[in-house]
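Below is one structure, written out as structure tokens; comments come after it.
A short reminder: the numbers here are calculations on the coordinates, not readings from a lab. Computed from a predicted structure; not experimentally measured. Neighbour counts are summed over all protein chains in view; Cβ atoms, including those assigned to glycine, are modelled from backbone coordinates with ideal geometry.
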Amino acid sequence: MNAPRQFDALEHAQLASRPVHLAIGIFDGVHLGHAAVIEAAVQSARRSNGQSAVLTFDPHPSVILRPAEPTRLLMNRSAKARVLGRLGIEAVINQPFTVELAAMEAVQFVPWLKQHVPQLAGIYVGENWRFGRGRRGDIALLVNEGRKVGVSVFSAPRVSLDGEPISSSRIRAAVTAGEIAAANAMLGYVYFAEGRVVPGNKLGRTMGFPTLNLAWAPDLQPRFGVYVVRVTGTKSTAPLRAVANYGARPTVEKAAEPRLEVHLLDECPYDAGDEITVEWLHFLRPEMKFGGLGTLRAQIAADREAALAFFAK
């Protein structure tokens, strides 16, 4: 699957002259509920020989509307585009969310879209999506305004898991609680971190457990602790089994910024400078401070055995 083209504003989007089927939303996490919206746009585009696109907003509206408590995001722009590409989206428009956009009246929204995308054929949103000043715009208004300019509107019903609607906020709560299996179930894929391997202090190597240190600084920090993970990259044909620690490393240094360290259970082909993706599968235990390196070494050995047991299931 090719990566979607990305544009930094609606007015800069260079879309083909074919009909555009546009999914609109924040889509943080691109979870199963989002996928229902996106897949509707993709399928409609294919049926009409059109093109599928996503209009999302950056920064998150909370940065403008409540700057004292902005929403912490599950993924950055590049990760979002990667997952959207897997679903078949051809173009992603990262529209700046500004004070002016927040003040736009709901009835102005569809004409604004049509002005910048004359070939707009369809709009795809979740059933609870709201838009316009004061979030006064709803699906009924969207349908009515779309009809005036010949644009169809599709609203996808919410998707539930365990009797509750799946939402980005629900997934954020799971990630920060270390409930990674629950987060993965709602995402519909495995939560991941991606970045470049950076040099470390090689303490793990001296203890018999060499690690890869990933340059990864998420907006929303997962729970500090030890996780069963798998690693992918260009140097391995299949995912590699691993155990990872995300946190401040209180036993050895109390790092100012959290760090993601990955110890591979398989032979490691990666080194500093390589780009890798770490997929989080299972939470083993919270991060702890140990009395010394000997105790830490024994716990890492136990974590390694626990991860091997997980993969053996």
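About its Cα centre, the dipole of the range 190-312 is roughly 380 debye, where the only charges are +1 on Lys and Arg Cβ and -1 on Asp and Glu Cβ.
When only alpha carbons of the chain are considered, Rg and Dmax amount to 22.0, 72 Å. Take the alpha carbon gyration tensor of the range 54-208, find the square roots of its eigenvalues, order them as a ≥ b ≥ c, and report rounded if a/c is under 1.5; if not, report prolate when a/b exceeds b/c, else oblate. Prolate shape, in that a/c is at least 1.5 and a/b is the bigger ratio. The lysine pair tally for the chain, using Cα distances under 23 Å and a gap of 8 or more places or different chains, is 5.
Remark: the Ala301-Arg47 segment gains 86.0 nm on full extension, using 0.36 nm per residue and subtracting the alpha carbon distance. Over the range 190-312, the Kirkwood radius and the radius of gyration, each from Cα atoms, give a ratio Rg/Rh of 0.92.
Rounded to the nearest 20 debye, the dipole magnitude of the chain is 180 debye, with +1 charges on Lys and Arg beta carbons, -1 on Asp and Glu beta carbons, and the Cα centre as origin.
Under 1.5 on a/c is rounded, so check that first for the range 1-124, then, if it is not, pick prolate when a/b is larger than b/c and oblate when it is not; a ≥ b ≥ c are the square roots of the alpha carbon gyration tensor eigenvalues. Oblate shape, in that a/c is at least 1.5 and b/c is the bigger or equal ratio.
Relative to the current alpha-carbon distance between Glu11 and Asp162, full extension at 0.36 nm per residue lengthens the span by 50.2 nm.
The stretch between Lys289 and Ser78 holds 72.5 nm of extra length on full extension. This uses 0.36 nm per residue minus the Cα-Cα distance.
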